[in-house]
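Beneath this line is the structure, given in structure tokens, with notes to follow.
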Protein chains: 2
Amino acid sequence: MTGKSMHVASSAYQYPLLIKQLWHTTLMQAPDQEIVYRDIRRLTYRRLRERVGRLASGLASLGVGAGDTVGVLDWDSNRFLEAYFAVPMMGAVLQTVNVRLSPEQIAYTINHGGASVLLVNDDFVPMLEGITKQLPRVKLLILMSDRVPPQTGGLTLAGEYEDLLAGASTGHDFPDFDENTIATTFYTTGTSGPPKGVSFSHRQLVLHSLAEMAFLGAAAKQGRFCRDDVYMPITPMFHAHAWGLPWTATLAGVKQVYPGRYDPAFLLKLIKTEGVTFTHCVPTLLQRLLGAATAANTDLSGLKMVIGGSELPTALARQALALGVDVFAGYGMSESAPLLCLAQVRSTDLTGDSEKQTSIRTKAGLAAPLVDLRLVDANLSEVPADGKSRGEIVVRAPWLTQGYVDNAEASERLWAGGYMHTDDIGVVEPDGYLRIVDRIKDVIKTGGEWVSSLQIEDLLSQCQSVSEAAVIGVKDDQWGERPLALVVRDRRTGADVTDAQLKAHLKAFADAGVISKYGIPDKILFVESLPKTSVGKFDKKQLREEYEKI
Amino acid sequence: MTGKSMHVASSAYQYPLLIKQLWHTTLMQAPDQEIVYRDIRRLTYRRLRERVGRLASGLASLGVGAGDTVGVLDWDSNRFLEAYFAVPMMGAVLQTVNVRLSPEQIAYTINHGGASVLLVNDDFVPMLEGITKQLPRVKLLILMSDRVPPQTGGLTLAGEYEDLLAGASTGHDFPDFDENTIATTFYTTGTSGPPKGVSFSHRQLVLHSLAEMAFLGAAAKQGRFCRDDVYMPITPMFHAHAWGLPWTATLAGVKQVYPGRYDPAFLLKLIKTEGVTFTHCVPTLLQRLLGAATAANTDLSGLKMVIGGSELPTALARQALALGVDVFAGYGMSESAPLLCLAQVRSTDLTGDSEKQTSIRTKAGLAAPLVDLRLVDANLSEVPADGKSRGEIVVRAPWLTQGYVDNAEASERLWAGGYMHTDDIGVVEPDGYLRIVDRIKDVIKTGGEWVSSLQIEDLLSQCQSVSEAAVIGVKDDQWGERPLALVVRDRRTGADVTDAQLKAHLKAFADAGVISKYGIPDKILFVESLPKTSVGKFDKKQLREEYEKI
């Protein structure tokens, strides 16, 4: 029975996974559900969909078509939501421009992304005037504004957004096309080098929406998102698709609220007046919101909030919970569209121990459906999910960027070994939660193991006669890398700590199983001082350049 | 900006939608969750996945490989669940054999589906002995049994299921392959002709699982399925994938209970002892269950139940609700994998009026995510969703069968005009619920409209001097079809009702807007009697043959 070929379905009636397909059930079931923009505009899904048609017709009348890239520079608005649909549904690429970057970086990303059309909130007109000469590929500027009249500066405009829609037909024909067509692109800024572009196809974004809806719906009690929720983003729509929730919320047919530029007091007002129950933001914004809520004596009970972007600190989580916010962490990155994990609390953990709950809520969380998440050592061999073994988090999922735009070298590193590398070190606990323990730039790969430089530094600095210690990895033919410690002696103690003493100190921790024996540096160099970055951290880049050859 | 080609993603790191991908998150998060088979076997997901590996290794050791078709004849069991995964994951096709058909039909479906291997519950050994000579393509029989020793009859066996697993390795390598590879096939019996085979690819079943999980999770209160539920099928696993829920439940990582052959008293016992909260069945089985529950004075509060297969009668729904069953209808068919709609009750309709709730619960329901469901007239033009306009329900979704196995003519009819035809007539109410009002075989397509023959028959039979009336469509060059009425006069009244009187009677209803004016037959023939089927319905097939030429 071997040697038979597999039966492969004909594609006669295949249904391509296109962003336009997210509309079917919502238009049938929730056409009158509301979409609210600040205190400025109230729409329904029926009208929103008409405006999506008008935007596409209007852009088409200006010559925009499949294959073009349309950049949007706006705060969170119904207009941005309209562009989330209209631009990809035309077969064009939506570039969500990060307006928080420097003007030079904004010009770089627009040029690199290839946008020929920009939809621009007039808040950014002064900035744009300064870089307009650096944007030779941009042919059309369309202004968006909440002011009367809009601020136009000296820019040459192809039109104003509302005028364009008013003059266009609702009946734009959105054809089927290849589901692998690129729908969006945006730029992520790393620690070094220019911003890197990621891109996502229709198929990827439809699967991301469906999996996100399934994952949020599967939660029994904590961490749910359902048809009765009211959604508002507080992660900008130019950042990793605002967690993809504008699409997911549309697919679920829920009420949506768009808050414009973030102002904590106004956000709190919208949460109360519009009955917002589900949102997401970064820790710093949560901090500001909690401050405003405390000042205004606002009760935030009933507000569910996913925290992403960086780790949710325990103290902040406690503070949020005390104010009634049902806060929990999410884990993802620009490269992953972004959803990978959510720290939903299981029903069995919801009772009793609030410290245990807080500890769960601050983890990276449970992996979303279809996410193939593994921990691997430096040789890409899987390490066990035993709550102890550390490994780099690598993933496969149906919605990960296929690489960086026009950057083959970085793309190859991103996907080394066929899995996408997160550059994070984690452990998977026996109850299935992922916990992040390190950034890969802070670890040293030696003898097939990950050694945390931060941990070795911490142990060294506990020695009485050590003022500070930095640990870097230096290349080694046999071990891949070996840790090198650079130690500043504490002159005040008078003691002249030695290389051997420090190694013995570390060996005691290795013998106790606290660190790997590979974590004991072969070489310890005593230096007068250590270079620091502007925020006071060791400048490891400079240290590596200086000591790489030793 | 026209003439640019679209940006299509490279497929370097594409993630094929394969059934094996449903395992990732469950093995990470719920490895110790239970899978229960009657009072016979308790497994965990970890062990179930090992058994899936063993089944694949065992089958491979017998020469089974990609492209082969493996038939299963079993009641609902963990073995069937193992085959739901192992067979498609090997690249082979799982044929779920309907054991309720006649032996001749079973032989027909096995031959037509091309199964070369059968996994057979020994309950079917006597039946199989009778048809074994009609199955020349079957090379291997593997017995499954809950008896010691199994009943083998005179069959030549390649092995016993548990022996096969015990001797096989857990570490079968399941490679990636084309997501459009066929994963399953099964046969649906119509009103005429031999059973027709449908088939589904990996991509389709993964998307069905994800959309089903999202749809069931989106419900705020009524009609939910979440991580805390305990699932048990009461629709056989050989019928339309048991609503796809064995895969969806595995993806969600919930406890699952498999009841074997259905016995109402034993089903009730399992529901109670295992804490089952979510199931699905057909109306006749619900009736039997409710009877058994009433007899045993069993409270069924907390049991959610989707009713499919045929319409959920209002009286039965009321009876179920009175016993605490959270009952609601689902709509789908073999050709649609099967999920299309679920009659979830919105939170706003859950309070107060129980009659309104019952009416919602008995509708076909709301459409699942990504389902493009339309009502069309006889010319395939869309009719409005206004709660009044009737049209044939046609659908597109990412999981519909691409046609019938080796039956080009029926496949073409199924997909006429690029939409899949359900052969049902429905209305979509303004609140977005689909309601089925007719079967297409009972309607007449005339002048671009659907006319219900049942409605015309009903109106005719309301005339005092009419004993019975049947209405059929006869071909018409101008109108497509025209209704022809065949009337049996009521001799007891003595009145000799005329053609003109009956037409005038119908015209009054047409003028009042109750029926279309096209519904008034051009010809009314008076006959002595009307042929009936064995269940007492008019034999329309015979009538059409007899009167087609008139």
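The values are calculated or read from the model by the stated rules, or taken from the named source; none is laboratory data. Keep in mind the model is a prediction, meaning the values are calculated, not measured. As a convention, Cβ positions derive from the backbone with ideal geometry for all residues, glycine included, and neighbour counts pool all protein chains shown. Remember, those area values only see protein heavy atoms, side chains included, never the ligands or the DNA or RNA. Shrake-Rupley method; radii C 1.70, N 1.55, O 1.52, S 1.80 Å.
Structure above, values below:
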quantity: Tally of residues being under 21 Å from the mean Cα position of the chain (by Cα) and in contact (Cβ under 8 Å) with a residue 40 or more places away in the chain across the stretch B:43-92; calculated: 12
quantity: Test result for A:LEU285, in the same structural domain as A:ASP229 (by TED's automatic domain parsing) and open to solvent by less than 30 Å² (accessible area, probe 1.4 Å); calculated: yes
quantity: Whichever residue in the stretch B:403-430 is surrounded by fewer than 17 Cβ atoms within 10 Å (Cβ to Cβ) and either at pLDDT below 85 or over 30 Å from B:HIS112 (Cβ atoms) (or both) and, among such residues, is nearest to the chain's Cα centre (by Cα); calculated: B:GLU429
quantity: Flag if B:GLY275 is open to solvent by 20 Å² or more (accessible area, probe 1.4 Å), modelled with pLDDT of 95 or more, small (Gly, Ala, Ser) and more than 17 Å from the chain's Cα centre (by Cα); calculated: yes
quantity: Considering residues of the stretch A:221-246 that are among the aromatic types (Phe, Trp, Tyr) and under 15 Å from the mean Cα position of the chain (by Cα) only, the residue least open to solvent (accessible area, probe 1.4 Å); calculated: A:PHE238
quantity: Extreme residue, nearest to the other protein chains (Cβ to nearest Cβ), among residues of the stretch A:95-109 that are in contact with a helix residue (DSSP H, G or I) (Cβ under 8 Å, 6 or more places away or on another chain) and open to solvent by less than 10 Å² (accessible area, probe 1.4 Å); calculated: A:GLN95
quantity: Total residues in the stretch B:65-89, condition open to solvent by 10 Å² or more (accessible area, probe 1.4 Å) and β-branched (Val, Ile, Thr); calculated: 0
quantity: Of residues in the stretch A:164-177 being under 22 Å from A:VAL117 (Cβ atoms) and within 14 Å of chain B (Cβ to nearest Cβ), the one modelled with the lowest pLDDT; calculated: A:GLY171
quantity: Every residue from the stretch A:154-176 that is open to solvent by 70 Å² or more (accessible area, probe 1.4 Å) and of a type in the set (D, E, K, R); calculated: A:ASP163, A:ASP173, A:ASP176
quantity: Test: residue in the stretch A:434-442 that is at positive phi, surrounded by fewer than 18 Cβ atoms within 10 Å (Cβ to Cβ), away from chain B (no Cβ under 14 Å) and not aliphatic (A, V, I, L, M); calculated: no
quantity: Selection count where residues are open to solvent by 50 Å² or more (accessible area, probe 1.4 Å) and farther than 22 Å from A:VAL437 by Cβ, scope the stretch A:509-524; calculated: 2
quantity: Exclusive hit being β-branched (Val, Ile, Thr), closer than 17 Å to B:ASP68 by Cβ and touching a Leu at 6+ places or on another chain (Cβ under 9 Å), set B:THR181, B:THR189, B:THR156; calculated: B:THR181
quantity: Check on A:LEU380, touching a helix residue (DSSP H, G or I) at 6+ places or on another chain (Cβ under 6 Å), open to solvent by 30 Å² or more (accessible area, probe 1.4 Å), assigned to a loop (DSSP other than H, G, I, E, B) and of a type in the set (A, V, I, L, M); calculated: yes
quantity: In the stretch B:330-366, the residues that are assigned to a helix (DSSP H, G or I), within 21 Å of A:VAL254 (Cα to Cα) and either away from chain A (no Cβ under 13 Å) or charged (D, E, K, R) (or both); calculated: B:ASP349
quantity: Residue match in the stretch A:218-234 (condition: outside any loop (DSSP other than H, G, I, E, B) and more than 9 Å from chain B (Cβ to nearest Cβ)); calculated: yes
quantity: Odd one out for A:LYS133 among (1) more than 28 Å from the chain's Cα centre (by Cα); (2) in contact (Cβ under 8 Å) with a residue 12 or more places away in the chain; calculated: (2)
quantity: Members of the stretch A:28-46 that are assigned to a helix (DSSP H, G or I) and either surrounded by fewer than 17 Cβ atoms within 10 Å (Cβ to Cβ) or of a type in the set (S, T, N, Q) (or both); calculated: A:GLN29, A:ARG46
quantity: B:ALA92 vs. criteria within 13 Å of chain A (Cβ to nearest Cβ), within 17 Å of B:THR184 (Cα to Cα) and open to solvent by 10 Å² or more (accessible area, probe 1.4 Å); calculated: no
quantity: Condition broken by A:GLU179, with the remaining ones in (1) of a type outside the set (Lys, Arg); (2) open to solvent by less than 70 Å² (accessible area, probe 1.4 Å); (3) not in a loop (DSSP other than H, G, I, E, B) satisfied; calculated: (3)
quantity: B:SER116, sole failed condition from (1) touching a residue at least 60 places away in the same chain (Cβ under 8 Å); (2) within 14 Å of another protein chain (Cβ to nearest Cβ); calculated: (1)
quantity: Flag if A:ASP477 is open to solvent by 20 Å² or more (accessible area, probe 1.4 Å), under 15 Å from A:LYS445 (Cβ atoms) and either among the basic types (Lys, Arg) or without any contact (Cβ under 8 Å) to a residue 12 or more places away in the chain (or both); calculated: yes
quantity: Every residue from the stretch A:29-55 that is within 9 Å of another protein chain (Cβ to nearest Cβ) and in contact with a Leu (Cβ under 7 Å, 6 or more places away or on another chain); calculated: A:GLN29
quantity: Flag for A:THR294 being open to solvent by 20 Å² or more (accessible area, probe 1.4 Å) and out of contact with any Asp or Glu (no Cβ under 6 Å at 6 or more places or on another chain); calculated: yes
quantity: Some residue of the stretch B:192-213 being closer than 19 Å to B:VAL327 by Cβ, at pLDDT 95 or above and more than 8 Å from chain A (Cβ to nearest Cβ); calculated: yes
quantity: Some residue of the stretch A:484-506 being modelled with pLDDT of 90 or more and under 25 Å from A:LEU380 (Cβ atoms); calculated: yes
